[in-house]
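Trainee: Got a structure here, written out as structure tokens. Questions coming.
No lab work stands behind these numbers, since they all come straight from the coordinates. Note that the structure is predicted; figures quoted are calculated from it, not measured. Cβ coordinates were reconstructed from backbone atoms using ideal geometry, including for glycine residues, and neighbour counts include every protein chain displayed.
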Amino acid sequence: MPVVGHSALQQMVAGIYAAKGLAAPDASVVSRHQVEANLVGHDSHGVLLTAQYVRQIDAGEINVTAELEIEAESRGTAVFGGNWGFGYVMTEKAMAVLADKAREVGMASGVIRYQGHMGRLGGYADAAARAGLIALMTADSGRGPKAVAPFGGRTSRLGTNPICIAVPAGAYPPVVLDMATSSVAVGKLALARARGEQVAEGLILDKGGNPTTSPVDYFAGGTILPLGGAQGYKGFGLSFIVEILSGLLTGLGYGVAADGRHNDGSFIALFDVRQFRALADFRRDVDELIDYIHASPLAPGAAEVLYPGELEARTLASRREAGIPVEEATWAVLTGLAEGLGVPLPSAR
Ligand SMILES: NC(=O)c1ccc[n+]([C@@H]2O[C@H](COP(=O)([O-])OP(=O)(O)OC[C@H]3O[C@@H](n4cnc5c(N)ncnc54)[C@H](O)[C@@H]3O)[C@@H](O)[C@H]2O)c1
């Protein structure tokens, strides 16, 4: 598997988007978010998605010259229209507007609609937390075909509907809880299918609503169960709320849109810690809580206790150093795209 340095990989992906008409700063935002997903170990949201985004640009589904619009606002709220731009660009700009409002008012919230895929939520929330804000974000996974059944149902009615909450820490990287509310991500099923592997029990149903461990059954009309196994009503409950915040509060609606165009509805709330406590004291206390949790006596078979976001922070540190492993198939597609567009190729390590 080729291993590529993160800067070189980002430069190549940014070059592909620039060649497709995206302004250089925006190409940099999209490629940075994708490569960061690879760096933290969420390869399903990494450079793998470049080919899909290029197809969406070619099909006119992503507008590379779109500007973020503020459709309505108050001192502490905003409704953003993405004009079908890249979700990464629109969300990053919306976060900046909301961060200014949160610093002024103490807290701010907003919704974004009519934007493309916004990828991994943790990237935006982590940056806000580093700047002293607590960030809460949800996304409804677009208005294309749904993937997840409600608790007790056997057909897909919901997206994988992620929720992310990030909190500033001090010496530690921020706490970042960033999770789909489904029992498994679609990307992970695709990977298992490609590798000819089975998945664990209790994650998916086949077309007839029967439990299965075959990812092939999922892609043949099956569905994903909500997070929580026998207590899947909890994952379903979270997913239902995410759908309301990201789909209904945005005015986008629920289910599959007639045009099927990717439309990541999103809800964002930012809280300025300084309005509650001295930021340095809060950061210190979060560090101490992490130390306390780390020091837990271990369950049999467990090697350590981690806090939310810690695994990703570790993977980021090691992949920054060692480079990013890119699957052969993804590398072939990426380099093919780059060559076709006259973008220089980085050398794999
Ligand atoms: N834009 C979209 O439409 C969309 C849809 C679905 C998912 N996503 C993204 O997909 C990504 C993956 O989601 P996921 O649910 O597969 O993530 P995951 O299951 O890998 O991790 C979920 C959370 O658990 C934490 N965690 C993992 N292992 C841990 C351990 N051993 N101890 C303590 N904490 C641990 C992680 O830090 C993370 O906060 C997320 O970044 C999400 O934002 C995006």
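Trainee: Using the Cα centre of segment 182-222 as origin and beta-carbon charges of +1 (Lys, Arg) and -1 (Asp, Glu), tell me which of GLY187, GLY221, VAL199 is placed farthest towards the positive end of the dipole.
Mentor: GLY187
Trainee: How large is ³J(HN,Hα) for each residue in segment 57-73, as worked out from phi by the Karplus curve 6.51 cos²θ - 1.76 cosθ + 1.60 (θ = phi - 60°), to whole Hz, x for Gly and Pro?
Mentor: With the stated coefficients, segment 57-73 comes to 5, 4, 7, x, 7, 10, 9, 6, 9, 5, 10, 6, 10, 9, 7, 7, 7 Hz.
Trainee: Something else now. When we measure straight from the Cα of LYS146, which aspartates and glutamates land under 19 angstrom away, once same-chain ones fewer than 8 places off are left out?
Mentor: Output for LYS146: GLU61, ASP206, ASP217, GLU243, ASP259, ASP264.
Trainee: Next question, about the same structure. What list of whole percents do you get for P(r) of segment 298-349, with Cα-Cα distances grouped in 5 Å bins up to the one holding the largest distance?
Mentor: Bin by bin from 0 Å, the calculated values are 4, 15, 15, 15, 14, 11, 10, 6, 5, 3, 2.
Trainee: A follow-up question, please. Post the alpha-carbon centroid distance, segment 280-314 to segment 77-99, in whole angstrom.
Mentor: Centre-to-centre distance over Cα atoms comes out at 32 Å.
Trainee: So how many Å³ per residue does the convex hull of the Cα atoms of segment 122-231 work out to?
Mentor: Cα-based convex hull of segment 122-231, divided per residue, equals 120 Å³.
Trainee: Moving on to the next point. Pop out the ³J(HN,Hα) list for segment 150-161 in order, Karplus 6.51 cos²θ - 1.76 cosθ + 1.60 with θ = phi - 60°, rounded to Hz; leave Gly and Pro as x.
Mentor: Each residue's phi maps through the Karplus curve to give x, 4, x, x, 10, 10, 6, 10, 10, x, 6, 5 Hz.
Trainee: Let me ask something additional. Show the residues, 5+ positions off or on another chain, whose built amide H is closer than 5 Å to the amide H of ILE324.
Mentor: VAL4, GLY5, HIS6
Trainee: Can you work out the Karplus-derived ³J(HN,Hα) for every residue in segment 196-211? Use 6.51 cos²θ - 1.76 cosθ + 1.60 with θ = phi - 60°, whole Hz, and x for glycine or proline.
Mentor: Once rounded to whole Hz, the list reads x, 9, 8, 10, 5, 5, x, 9, 9, 10, 7, 4, x, x, 8, x.
Trainee: Tell me the Kirkwood hydrodynamic radius of segment 9-77 in angstroms, computed as one over the mean inverse distance between distinct C-alpha pairs.
Mentor: Over segment 9-77, the inverse of the mean reciprocal pair distance is 13.1 Å.
Trainee: Beyond 18 Å, what share of the Cα-Cα pairs of segment 206-270 is found? Please give it as a whole percent. Present the calculation step by step, with values, prior to reporting the outcome.
Mentor: Numbers: 1162 of 2080 pairs.
Across segment 206-270, Cα pairs with separations above 18 Å total 56 percent.
Trainee: For LYS101, which lysines qualify as cross-link partners when the Cα separation must be under 20 Å and same-chain residues fewer than eight apart are set aside?
Mentor: In chain and number order, the partners are LYS93.
Trainee: While we're looking at this one, here's another question. Once you have a ≥ b ≥ c as the square roots of the Cα gyration tensor eigenvalues for the chain, tell me rounded if a/c is under 1.5, and otherwise prolate or oblate according to whether a/b is larger than b/c. If you can, show how the numbers build up before the last one.
Mentor: Details: a/c = 1.15, a/b = 1.05, b/c = 1.09.
Cα axes put the chain in the rounded bin.
Trainee: Also, quick follow-up: Express the C-alpha Rg of segment 261-309 as a ratio against the empirical globular expectation 2.2 N^0.38 Å, rounded to two decimals. Mind showing how you got there, number by number?
Mentor: Values: Rg = 17.2 Å, N = 49, 2.2 N^0.38 = 9.7 Å.
That works out to 1.78 for segment 261-309.
Trainee: Can you give the Rg/Rh ratio of segment 67-127, where Rg is from the C-alpha atoms and Rh is the Kirkwood radius?
Mentor: 0.96
Trainee: Follow-up question, since we're still on this one. With N set to the residue count of segment 23-137, report its C-alpha Rg divided by 2.2 N^0.38 Å to two decimal places.
Mentor: That ratio works out to 1.07.
Trainee: To the nearest 20 debye, what is the magnitude of the charge dipole of the chain about its Cα centre, counting +1 on the Cβ of each Lys and Arg and -1 on the Cβ of each Asp and Glu? Working shown, then result.
Mentor: Working: 28 positive and 35 negative charges, 62 e Å.
In total the dipole reaches around 300 debye.
Trainee: With labels modelled as points extended 7 Å from the Cα through the Cβ direction, what inter-label distance (nm, one decimal) is found for ALA303 paired with ALA51?
Mentor: 3.2 nm
Trainee: Okay, next question. Cβ neighbours within 10 Å, averaged per peptide: list 158-168, 244-254, 8-18, 49-59 in order, most packed at the top.
Mentor: Packing proxy ranking, top to bottom: 158-168, 8-18, 244-254, 49-59.
Trainee: What's the magnitude of the charge dipole for segment 166-231 around its Cα centre, counting Lys and Arg as +1 and Asp and Glu as -1 at the beta-carbon? Answer in Debye, nearest 20.
Mentor: Numbers: 4 positive and 5 negative charges, 24 e Å.
About 120 debye.
Trainee: Moving on. Could you check the simple spin-label distance between LYS20 and GLU67, using points 7 Å along Cα→Cβ, in nm with one decimal?
Mentor: Each label point lies 7 Å from its Cα, and together they span 2.3 nm.
Trainee: Then there's this: At q = 0.20 Å⁻¹, what log₁₀ I(q)/I(0) does segment 242-337 have when each alpha carbon counts as one equal point scatterer in the Debye sum?
Mentor: The computed values of log10 I(q)/I(0) come out as -1.01.
Trainee: Find which of TYR254, THR330, LEU311 sits farthest along the positive direction of the dipole of the chain, computed with +1 on the beta-carbon of Lys and Arg, -1 on that of Asp and Glu, about the Cα centre.
Mentor: Selected residue: TYR254.
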